[in-house]
């Protein structure tokens, strides 16, 4: 029985290593999806109050401070004390893709370890709802 447990543990470790490509940077990228879920759920709460997603210009800061530029939210409430950062301490980037009735989509991205967008270590996720 202990041998089976040891094989299961080794298999789980191998899976984690494979998913992170054997690099510490890959392991750090594993944190981005949970952050994206938190940010996405907070944006859903923002839409309930504001009636729409923040514009690209307003960005995620609209979750922390009332937007000063238009379009003004219908009703604003502070939903976060501070914005989460990616595993390297850089801010996540937000881009509004669609605000059509019945379909809202946006992109969250991280510039990765080097902090520079459009390089090999970037992470991005398009979220629709």
Förster radius 22 Å - calculated FRET efficiency between residue 42 and residue 100 (Cβ-Cβ, nearest 0.05): 0.55
Gained length - residue 85 relative to residue 49, 0.36 nm times residue gap less alpha-carbon distance: 10.6 nm
Whole-Å semi-axes of region 59-110's equivalent ellipsoid (Cα gyration tensor): 21, 17, 9
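Every read-out reported here was derived from the displayed coordinates using simple, explicitly stated rules and does not represent laboratory data. Everything quoted here is computed from the prediction, not taken from an experiment. Positions of Cβ are generated from backbone atoms using ideal geometry, with glycine treated the same way; all protein chains shown enter the neighbour counts.
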